[in-house]
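The values are calculated or read from the model by the stated rules, or taken from the named source; none is laboratory data. Remember, it's a predicted structure, so these values are computed and weren't measured experimentally. Every residue, glycine as well, gets a Cβ built from its backbone with ideal geometry; the counts of neighbours run over all protein chains shown.
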């Protein structure tokens, strides 16, 4: 199989890499998440206006550049390598994916705004008892005249404090774990002006992302807040989550490439007993093991990305295989990188500690390895 990139894909990779290397500093981004707005809006504007990556993976009919899964892999790996905290996956992958498949004028306008860099979306799907089982929905939506009334709670809604559109899963029919009867709604919000009926508890996660727990109490939405058909959102949600899972797996590859490179460079410079620690055979073996884990992760991500347009079973099998592989590799590489750096590995000043936190978060994001292994086993048993 040919894994080489086209000239256009190479230009996308090189242009984004140069942009991030020259304009996305670790100190600046950490200051933004810890003491500032939680992200850098000017960087997001640059993604839209200078690079066009917010539309690089979307069809031309939706205002995008006509790219696909390979372009998605290129972008997310580069974002991981630079430890970008801006909400690309939440907005471009999940948000655009759900909105495009739902159709309708309102959804189409939001997608256009995403490409232009003026819309940020957050996917409110996980609940206190659901974990990462996205079909486990107890939040309800009922009709009341020309309005919808939503009640329920969503937890760890990534990017919610930054978003101006929430995409909410709610049950309009069926029992709690049924895939039938799940509907998708959009509600316009502003970070400083939360609508009546929404209680938001915002916080910063361990990997310096913004998230919130949301409680909906008789939240009233207009009729056009329903995206797609009533009770028929599951197929779109399932695909969007698989696309997002493949995206964070690709991001993890970028993170691991950077962590390995920094660890090797540190081992060449750090002196112990009058010589570089990289000359010690035991540590060389450790770094070779890290390299093997990176290569296995790359292969697994290729498999997932190249199956994103396959049928639902093949797509889910490939994505779960990749996520399980990434879960193991992220832990091994992150822990060994910190150990080889010694006490410096977890300091705020050194990049390794920040990368390790993001790798730890990715291990559980969109489901831990155990859950994906179980899904893989269930799909192959059919």
request  = Looking at (1) within 21 Å of residue 83 (Cβ to Cβ); (2) surrounded by fewer than 17 Cβ atoms within 10 Å (Cβ to Cβ), find the lone condition where residue 268 falls short.
outcome  = (1)
inquiry  = Looking at the structure I just gave you, is residue 310 surrounded by 14 or more Cβ atoms within 10 Å (Cβ to Cβ) and out of contact with any strand residue (DSSP E or B) (no Cβ under 8 Å at 6 or more places or on another chain)?
reply    = no
message = For the list (1) out of contact with any helix residue (DSSP H, G or I) (no Cβ under 6 Å at 6 or more places or on another chain); (2) at pLDDT 95 or above, I need the number of the one condition that residue 186 fails.
response = (1)
Failed condition for residue 235, given (1) surrounded by fewer than 14 Cβ atoms within 10 Å (Cβ to Cβ); (2) free of Cβ contacts under 8 Å to residues at least 40 places away in the same chain = (2)
task = Test residue 161 against the criterion of being buried (at least 18 other Cβ atoms within 10 Å of the Cβ), at pLDDT below 95 and at negative phi, and give yes or no.
result = yes
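Could you check how many residues of the stretch 339-356 are part of a helix (DSSP H, G or I) and within 22 Å of residue 33 (Cα to Cα)? Break it down into steps so the answer makes sense when it comes.
In the first step, residues of the stretch 339-356 are kept if they are part of a helix (DSSP H, G or I); the result is 339-346, 351-356.
Checking which are within 22 Å of residue 33 (Cα to Cα) leaves us with 344-346, 351-356.
Counting residues in the stretch 339-356 that are part of a helix (DSSP H, G or I) and within 22 Å of residue 33 (Cα to Cα) gives 9.
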remark   = Sole miss for residue 169 among (1) under 18 Å from residue 239 (Cα atoms); (2) out of contact with any helix residue (DSSP H, G or I) (no Cβ under 6 Å at 6 or more places or on another chain); (3) in a loop (DSSP other than H, G, I, E, B) is condition (3)
request  = Among the residues of the stretch 186-209, count how many are surrounded by fewer than 22 Cβ atoms within 10 Å (Cβ to Cβ), at negative phi and not in a strand (DSSP E or B).
outcome  = 9
Members of the stretch 280-338 found to be under 25 Å from residue 70 (Cα atoms) and assigned to a loop (DSSP other than H, G, I, E, B), listed by number = 306, 307, 308, 309, 310, 311
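For (1) within 19 Å of residue 116 (Cα to Cα); (2) modelled with pLDDT of 95 or more; (3) surrounded by fewer than 21 Cβ atoms within 10 Å (Cβ to Cβ), each residue gets a yes or a no:
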{"position": "44", "(1), (2), (3)": "yes, yes, yes"}
{"position": "47", "(1), (2), (3)": "yes, yes, no"}
{"position": "52", "(1), (2), (3)": "yes, no, yes"}
{"position": "60", "(1), (2), (3)": "yes, no, yes"}
{"position": "73", "(1), (2), (3)": "no, yes, no"}
{"position": "80", "(1), (2), (3)": "no, yes, no"}
{"position": "83", "(1), (2), (3)": "no, yes, no"}
task = Return yes when residue 265 is in a helix (DSSP H, G or I) and within 23 Å of residue 96 (Cα to Cα) and no when it is not.
result = no
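Quick check on this structure: which one of 96, 183 is over 19 Å from the mean Cα position of the chain (by Cα) and either farther than 22 Å from residue 220 by Cβ or not in a loop (DSSP other than H, G, I, E, B) (or both)?
Just a single option satisfies the conditions, and that option is 183.
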request  = Take the residues in the stretch 241-263 that are in contact with a helix residue (DSSP H, G or I) (Cβ under 8 Å, 6 or more places away or on another chain) and surrounded by fewer than 20 Cβ atoms within 10 Å (Cβ to Cβ), then tell me which one is nearest to residue 304 (Cα to Cα).
outcome  = 257
inquiry  = Against the definition (outside any loop (DSSP other than H, G, I, E, B) and surrounded by fewer than 23 Cβ atoms within 10 Å (Cβ to Cβ)), how does residue 115 come out, yes or no?
reply    = yes
message = Against the condition farther than 15 Å from residue 261 by Cβ, in contact with a helix residue (DSSP H, G or I) (Cβ under 9 Å, 6 or more places away or on another chain), surrounded by fewer than 22 Cβ atoms within 10 Å (Cβ to Cβ) and not assigned by TED's automatic domain parsing to the domain that holds residue 156, how does residue 321 come out, does it pass?
response = yes
query = Is at least one residue of the stretch 264-277 at pLDDT 95 or above, closer than 26 Å to residue 301 by Cα and out of contact with any helix residue (DSSP H, G or I) (no Cβ under 7 Å at 6 or more places or on another chain)?
reply = no
